[in-house]
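Written below as structure tokens is the structure these notes are about.
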Amino acid sequence: MRTTPRTCERWFDLVFLVGFALKAVDGLVELLVGLPLLVLRPAQVEAVARLLTAGELREDPGDPVAHLVRHGVATLSADATLFAAVYLVVHGLVKLGIVAAIFRGSRRLYPWAIAALGGFVVWQGVEFVQHPGVGLALLTLFDVAIVVLTVREWRHHRSLGDAVRSVLGRSARRAPSDRSTDPAWRTAQ
């Protein structure tokens, strides 16, 4: 089966849309985890973690994720808890804001989204060098992929709606540079 440029574009659009959906879910989860951390003391965070992981550890006493969560919260200081809370809330709000703005179709916000996500990638890269971890590496790679796809969409003067129409097989709107040759568009101007 031969791949056409249109098929490749649809795949890029699909990855872009799935990536942004995951980014929205990620931002929401970060916000929902970060907000309680703003008001809970480390001992309360540890109690919540024990409550949330108890069922999994009953089913599988060797569950590595549950043990990792419990170990991670057991070593949190008050300052580390506050830092984690602020980071999660800000990171979550920025991600949700970016997704909402791009979903609304404002192409002017693409450079801001690229800059914000790029800043997080740089910060996460520094953190990875200081404290290597698989989770942080995966999050950073995911953010890099989203930045690359966002740059691609921005350079092609496309909105999130254009990507949706492309994936659904509907004719995407023409980019602004293509409209100037359309007599109906020129007449409307």
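The values are calculated or read from the model by the stated rules, or taken from the named source; none is laboratory data. Every value quoted in this text rests on a predicted model; they were computed, and no experiment measured them. Note: ideal-geometry Cβ built from the backbone for every residue, glycine included; neighbour counts use all protein chains shown. Keep in mind that these areas ignore ligands, DNA and RNA; they rest on the heavy atoms of the full protein, side chains included. Shrake-Rupley method; radii C 1.70, N 1.55, O 1.52, S 1.80 Å.
On the chain, 69 percent of the accessible area sits on carbon and sulfur atoms, based on a 1.4 Å probe.
Taking all protein chains into account, the per residue accessible area for region 1-67 stands at 68 Å² (1.4 Å probe). For helix 64-74, what angle does its Cα long axis make with the longest principal axis of the chain, in degrees from 0 to 90 and rounded to 10? With rounding to tens, the tilt is 70 degrees.
Which whole-number percent gives the relative contact order of region 63-171, counting Cα pairs below 8 Å spaced six or more residues apart? Before the final figure, lay out the partial values.
Details: 43 pairs, mean separation 32.7, N = 109.
Once normalised by length, the contact order is 30 percent.
Shape verdict for region 1-112, please, from the Cα gyration tensor: rounded (a/c under 1.5), prolate (a/b greater than b/c) or oblate. It is oblate, given that a/c is not under 1.5 and a/b is not larger than b/c. Calculated mean residue ellipticity, 222 nm, the chain: -26500 deg cm²/dmol, from DSSP H runs (n ≥ 4) at -39500 (n - 2.57) each, averaged per residue and rounded to 500.
Using the Cα centre of region 1-150 as the reference point, and only Cβ charges (+1 on K/R, -1 on D/E), how large is the resulting charge dipole? Debye, rounded to the nearest 20.
It comes to approximately 640 debye.
Sorted into 5 angstrom bins from 0, the C-alpha pair distances of region 114-164 split as 5, 21, 26, 18, 12, 9, 7, 3, 0 percent. Specify which residue in the list Trp112, Val134, Val94 is farthest towards the positive end of the charge dipole of the chain, using unit charges on the beta carbon of Lys, Arg (+1) and Asp, Glu (-1), about the Cα centre. Result: Trp112, furthest along the dipole toward the positive end. Over the C-alpha atoms of region 22-176, the Rg to Rh ratio, Rh being the Kirkwood estimate, stands at 1.07. Taking every protein chain into account, the accessible area of region 76-159 amounts to 56 square angstrom per residue (probe 1.4 Å). For region 84-142, what D do you get in µm² per second when you plug the Kirkwood radius from alpha-carbon pairs into Stokes-Einstein at 25 °C and 0.890 mPa s? Answer from the Stokes-Einstein relation: 199 µm²/s. Full extension of the chain between Leu32 and Ser106 yields a length gain of 24.0 nm, computed as 0.36 nm times the residue separation minus the alpha carbon distance. Just checking the listed ones, Phe128, Phe103, Phe12: in the Gaussian network model of the chain with Cα springs under 10 Å, the one fluctuating most is Phe128.
When you restrict to C-alpha pairs under 8 Å that are six or more residues apart and normalise by the size of the chain, the relative contact order lands at 29 percent.
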